[in-house]
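Here is the structure we will look at.
No lab work stands behind these numbers, since they all come straight from the coordinates. Quick caveat: nothing in here was measured; it's all calculated off a predicted structure. Quick reminder, even Gly has a Cβ in these numbers, built from the backbone with ideal geometry, and neighbours come from all protein chains shown.
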Amino acid sequence: MTDRIAPLASRPAWKALQQHADTLRPQHLRDIFQTDPSRGSRFTAQACGLFLDYSKNRITDETLKLLIELANQSGLRERAEAMFTGKKINTTENRAVLHVALRAPRSESIVVDGEDVVPGVHQVLDKMAAFAELIRSGAWLGYTGKPIRNIINIGIGGSDLGPVMAYEALRHYSQRDLNFRFVSNVDGTDFAEAVRDFHPEETLFLVASKTFTTLETMTNAHSARAWTLGRLKQTEAIARHFVAISTNAEAVAKFGIDTANMFGFWDWVGGRYSMDSAIGLSTMIAIGPENFRSLLEGFHSMDVHFRTTPLEKNLPALLGLLTVWYTNFFNAQTVAILPYEQYLKRFPAYLQQLTMESNGKHVTLDGAEVLADTGPIYWGEPGTNGQHSFYQLIHQGTRLIPCDFIGFYKSINPLGRHHDMLMANVFAQAEALAFGKTAAEVRAEGVPEPLVPHKVFAGNRPSNILLAERLTPYTLGTLVALYEHSVFTQGAIWSIDSFDQWGVELGKVLATRILGEIESPSEPSLTHDPSTSNLIRLYRSQR
Ligand code: F6P
């Protein structure tokens, strides 16, 4: 599929963008806006209830035209179509990439290896819904006959970050008499703190692992098993207090969880793209099946938008192309995600895996070096807190940090003037970043000359503003799918495999070997580099 796509540097639009960037870099957003005031409303797009203002980017109509040409010359459309139709575009793992099937309506059909996968998706959703209702209604009883009050999701990476983020984001919609906790770290503190005030009789563990082999998750799951049996004694209790979410039925059975209590998914769902699969069981228990379906509808509406809307008005394509623009032509190293919505406090952390595990790649699909920077570092915190911490660097530091501001017209918790203050800060920050404050303006305020350079804001710092009515399950679905497809767009331009993650392997292998050496009863013969061997010896002597 990549055969007919020229290497990045020889695509005509890439070359044209290089020249165009040279002419645009010296221009200031102040001047760009002055010569083209209509851009404030022209460079906006709307879809699925999201409004995007991307006018405060260092772009012109020509930039957009060239970026879209680049997308076309990179085969973005064809690659997206290959994904939506179940082609095995994750070539290094020979897998289809079908998170979009997780939110496809029952009426759709998507065929992989001769099988329509959509009915299976809905079967699992129905099974999840029935189980979620049992827990929510108190009908599912623990081994000693008490209803479940505490739900602990054990998982890591995609089997944790999505569930945590969604729980926090949608907490307002959650059933408040149920307690939800999430254990991910192999650091025993994570488990110990999660269970310290819970009783096993009322606690249900959701062991979430696509592979059901991940060291952290298996270790925590075994500790959970021991904690449960420590109080409930009988192994039959496990069936009432453990369910599994996995693609690996064999390993689930081996662990001792009845596969009747297993919620499955498929190898065509990547871990970081799985929060709307059975991995979202904790989300469904928290917010209920109806709200979960509304979350899926949000995802699906963005899928349809991405698949069918011309690139000029295509939100994920625009976001992805702007990220390529700054990464490759302005040497930007990072993207800041700044939600002005406290419930989205884990959204930046969620996006870190989605974006960086996907696009942190140095070779193309053909195995050749990518001769350009790929995935930028995503990071962020909710506003306004970040303003009192790291915004100083974004405003006056030496680095260019494109920002995505996310805000809502309506608060979920209206309280006096709070929401207007919050949103005033969104607009103020984006304005300050773009237009800054000149030395002349600072002097006009009577600032003493030695202080003038310190009080100047250079401006010309780009940002997007995303607005929606209110944070709902539907809106969250649209937001997550927006970034999924933005990541896809970036990966298509760089011709990389955004769906594998070989970079996590080496550390896992070495850790297993080092664990054996640490626990070895006799002095191990260490053949690591001198620093690592020395550290292992030190740890062995001090543990
Ligand atoms: O180590 C990386 C990774 O494979 C992620 O891609 C994945 O989300 C996470 O580990 C957890 O994997 P699993 O769901 O198989 O336990």
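Assorted remarks:
- Antiparallel DSSP beta bridges within region 118-221, percent to nearest 5: 10 percent
- At most 14 other Cβ within 10 Å, DSSP loop - trypsin sites (Lys or Arg not before Pro), region 1-56: Arg4
- Candidates Ser522, Ile465, His485 compared by Cα position along the dipole of region 432-540: farthest toward the positive end lies Ile465, with charges placed on Cβ.
- Calculated [θ] (222 nm, deg cm²/dmol) that DSSP helices of n ≥ 4 give over the chain, each run adding -39,500 (n - 2.57): -13500 deg cm²/dmol
- For Lys455, a cut-off of 26 angstrom between C-alpha atoms picks up these lysines, skipping any fewer than 8 places away in its own chain: Lys56, Lys437.
- Reachable aspartates and glutamates, given that their alpha-carbon falls under 20 Å from the alpha-carbon of Lys361 and they are not under 8 places away in the same chain: Asp3, Glu93, Glu369, Asp373, Glu484, Asp497, Asp500, Glu505
- The Cα atoms of region 298-387 define a convex hull whose projected area, averaged across directions, is 7.4 nm².
- Dipole in debye (nearest 20) - region 425-497, about Cα centre, beta carbon charges: Lys, Arg +1; Asp, Glu -1: 160 debye
- Under the Debye formula (equal points on every Cα, no solvent term), log10 I(q)/I(0) of the chain at q = 0.07, 0.11 Å⁻¹: -0.45, -1.05
- Positive end of the dipole of region 1-124 (Cβ unit charges, origin at the Cα centre): among Pro26, Leu70, Ala13, the Cα lying farthest that way belongs to Pro26.
- The alpha carbons of region 1-142 stretch over 66, 41, 28 Å along the principal axes, in descending order.
- Beta bridges assigned by DSSP with both partners in the chain are antiparallel in approximately 30 percent of cases.
- Amide H contacts of Val363 (H built 1.01 Å from N, in plane; Pro and chain starts excluded): Val370 sit under 5 Å, all sequence-distant by 5 or more or on other chains.
- Computed magnitude of the charge dipole of region 53-210 (debye, nearest 20; Cβ of K, R +1, Cβ of D, E -1): 120 debye
- Region 140-212: trypsin sites (Lys or Arg not before Pro) in DSSP coil with no more than 14 other Cβ atoms inside 10 Å: Arg176, Arg196
- Too-long pairs where the Cα-Cα distance tops 27 Å, listed order kept, from Lys127/Lys410; Lys210/Lys508; Lys127/Lys210; Lys65/Lys88; Lys254/Lys508; Lys127/Lys508: Lys127/Lys410; Lys65/Lys88; Lys127/Lys508
- Along each principal axis, Cα extent of region 84-178, largest first, Å: 47, 27, 27
- Relative to its residue count, region 236-361 spans a Cα convex hull of 163 Å³ per residue.
- Volume per residue that the Cα convex hull of region 359-514 spans, once the total is divided by residue count, Å³: 206 Å³
- When only the Cβ of Lys, Arg, Asp and Glu is charged (+1, +1, -1, -1), the dipole of the chain relative to its Cα centre reaches about 720 debye.
- DSSP-assigned coil residues among GluC sites (Glu not before Pro) in region 414-467, each with at most 10 further Cβ atoms within 10 Å: Glu445
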